[in-house]
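Asks: Got a structure for you, written out below as structure tokens; questions coming shortly.
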Amino acid sequence: MLPQDFEGWWTVSGEWVEEPNRRRSGWSGMMRCPVDGRVYYVKRQCNHLYRSPRHPVGQPTAYREYLNLLRLKQLGLVVPTPVFFGKRHAGEGFEAVLATEELSGYAPLDTQTGLSAAERTALAAQVGETLRVLHDANLQHSCLYDKHIFVRWRDGQPTIALIDLEKLRRRLLPGKAGRHDLDQLRRHQEIWDDNDWRILEQRHGGAVAR
């Protein structure tokens, strides 16, 4: 049965896909949890906080990721669907849990090897269009590696999803978000050659040049 509250998601069984990462006085980790024949990814945190003018005392970074998931869904982008978010003050500190549905049928960009030239071109074009939507909203992913872009193929056409939105933020100056993310992605991908990359930039629409 699908958990209905914080304690249920905090204790649901699964396996770690990202072992708890400890920093300062807190930690954060991700579990893969099969429930009722479906798979969910559950991020658990304790004292893993970010601070901002709006939250000077600190909020869990999973809370920021949850808000970013909702924001990108409003833009029409494909991201993991959140099914639960909660936070609480407990004996060990400020705890948070974020549960999302598995991106069924999707695989990371870094696994897209052996593609034909036409498939590489289609993939570059679709990634460019997806990132254009993100960057036209002045939103910067900030951690845009090939493992954070997911791909699903149907009838020879790719659909793109974005994950790991914990560090996504708004940039005030037009073009800053695009320049940062595309520079970062180009350094951390081995799928496309120079011609493919030009197609990606063309479909992106020149946000990096603004």
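Asks: Could you say which residue among Ala124, Ala177 is out of contact with any Phe, Trp or Tyr (no Cβ under 6 Å at 6 or more places or on another chain), buried (at least 16 other Cβ atoms within 10 Å of the Cβ) and either under 17 Å from His204 (Cβ atoms) or in the same structural domain as Ala96 (by TED's automatic domain parsing) (or both)? I'd like the intermediate steps shown before the answer.
Replies: On the way: Ala124 fails: out of contact with any Phe, Trp or Tyr (no Cβ under 6 Å at 6 or more places or on another chain).
On inspection, the qualifying residue turns out to be Ala177.
Each row is one residue, and each column tells you yes or no for (1) assigned to a strand (DSSP E or B); (2) over 30 Å from Leu200 (Cβ atoms); (3) in contact (Cβ under 8 Å) with a residue 40 or more places away in the chain; (4) not assigned by TED's automatic domain parsing to the domain that holds Gln157.
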{"position": "Arg22", "(1), (2), (3), (4)": "yes, yes, no, yes"}
{"position": "Ser28", "(1), (2), (3), (4)": "yes, yes, no, yes"}
{"position": "Met31", "(1), (2), (3), (4)": "yes, yes, no, yes"}
{"position": "Val57", "(1), (2), (3), (4)": "no, yes, no, yes"}
{"position": "Tyr66", "(1), (2), (3), (4)": "no, no, no, yes"}
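Asks: Something else about it: Could you tell me which residue of region 83-104 is farthest from Met1 (Cα to Cα), considering only residues that are outside any strand (DSSP E or B) and in contact with a strand residue (DSSP E or B) (Cβ under 7 Å, 6 or more places away or on another chain)? First the steps, then the outcome.
Replies: Step one: list which residues in region 83-104 are outside any strand (DSSP E or B), which gives 91-92, 102-104.
From what is left, the residues that are in contact with a strand residue (DSSP E or B) (Cβ under 7 Å, 6 or more places away or on another chain) are 92, 102-103.
Details: Glu92: 28, Glu102: 17, Leu103: 20 Å.
Filtering region 83-104 for residues that are outside any strand (DSSP E or B) and in contact with a strand residue (DSSP E or B) (Cβ under 7 Å, 6 or more places away or on another chain), the one farthest from Met1 (Cα to Cα) comes out as Glu92.
Asks: Could you grab me the full set of residues in region 164-190 that are of a type in the set (A, V, I, L, M, F, W, C) and at pLDDT 95 or above? Don't jump to the end; show me each part of the working.
Replies: As a first pass, look at region 164-190 and keep what is of a type in the set (A, V, I, L, M, F, W, C): 165, 168, 172-173, 177, 182, 185.
The answer is Leu165, Leu168, Ala177, Leu182, Leu185.
Asks: Follow-up question, since we're still on this one. Being of a type in the set (Gly, Ala, Ser) and surrounded by fewer than 19 Cβ atoms within 10 Å (Cβ to Cβ) is the filter; apply it to region 68-95 and report the residue that is farthest from Gly29 (Cα to Cα). Before the answer, list the steps.
Replies: First pass over region 68-95, keeping only residues of a type in the set (Gly, Ala, Ser): 76, 86, 90-91, 93.
Checking which are surrounded by fewer than 19 Cβ atoms within 10 Å (Cβ to Cβ) leaves us with 76, 90-91, 93.
On the way: Gly76: 28, Ala90: 18, Gly91: 19, Gly93: 16 Å.
Filtering region 68-95 for residues that are of a type in the set (Gly, Ala, Ser) and surrounded by fewer than 19 Cβ atoms within 10 Å (Cβ to Cβ), the one farthest from Gly29 (Cα to Cα) comes out as Gly76.
Asks: Cβ contacts < 7 Å: first residue at negative phi and in a helix (DSSP H, G or I), restricted to region 6-19; second residue surrounded by fewer than 16 Cβ atoms within 10 Å (Cβ to Cβ) and at pLDDT 95 or above, any location; separation 6+ or different chain. Result?
Replies: Every condition considered, the pairs that remain are Phe6/Arg88.
Asks: Now a separate question. Please state which one of Gly86, Gly93, Gly114 is closer than 25 Å to Leu131 by Cα and either of a type outside the set (Lys, Arg) or touching a residue at least 12 places away in the same chain (Cβ under 8 Å) (or both). Full working, then the answer.
Replies: Working: Gly86 fails: closer than 25 Å to Leu131 by Cα; Gly93 fails: closer than 25 Å to Leu131 by Cα.
Being closer than 25 Å to Leu131 by Cα and either of a type outside the set (Lys, Arg) or touching a residue at least 12 places away in the same chain (Cβ under 8 Å) (or both) holds for just one of Gly86, Gly93, Gly114, which is Gly114.
Asks: Scan (1) farther than 25 Å from Tyr50 by Cα; (2) assigned to a helix (DSSP H, G or I) for the single condition Leu134 breaks and write down its number.
Replies: Result: Leu134 passes all but (1).
Asks: Related question: If I filter region 35-50 for residues that are touching a strand residue (DSSP E or B) at 6+ places or on another chain (Cβ under 7 Å) and either assigned by TED's automatic domain parsing to the domain that holds Leu139 or assigned to a helix (DSSP H, G or I) (or both), do I get at least one hit?
Replies: Within region 35-50, none of the residues are touching a strand residue (DSSP E or B) at 6+ places or on another chain (Cβ under 7 Å) and either assigned by TED's automatic domain parsing to the domain that holds Leu139 or assigned to a helix (DSSP H, G or I) (or both).
Asks: Do you know which of the residues in region 47-67 that are more than 16 Å from Arg88 (Cα to Cα), modelled with pLDDT under 95 and not polar (S, T, N, Q) is surrounded by the most Cβ atoms within 10 Å (Cβ to Cβ)? If you could, list the steps in order and put the result at the bottom.
Replies: Kept after step one, since they are more than 16 Å from Arg88 (Cα to Cα), are these residues of region 47-67: 51-54, 56, 65, 67.
Restricting the remaining residues to those that are modelled with pLDDT under 95 gives 51-54, 56.
Add one more test, that the residue is not polar (S, T, N, Q), and what stays is 51, 53-54, 56.
Details: Arg51: 10, Pro53: 5, Arg54: 6, Pro56: 8.
Restricting to residues being more than 16 Å from Arg88 (Cα to Cα), modelled with pLDDT under 95 and not polar (S, T, N, Q), the top hit is Arg51.
The values are calculated or read from the model by the stated rules, or taken from the named source; none is laboratory data. Please read these numbers as outputs of a predicted model, since none were measured by experiment. FYI the Cβ positions are ideal-geometry reconstructions off the backbone, even for glycines, and counts take in every protein chain you see.
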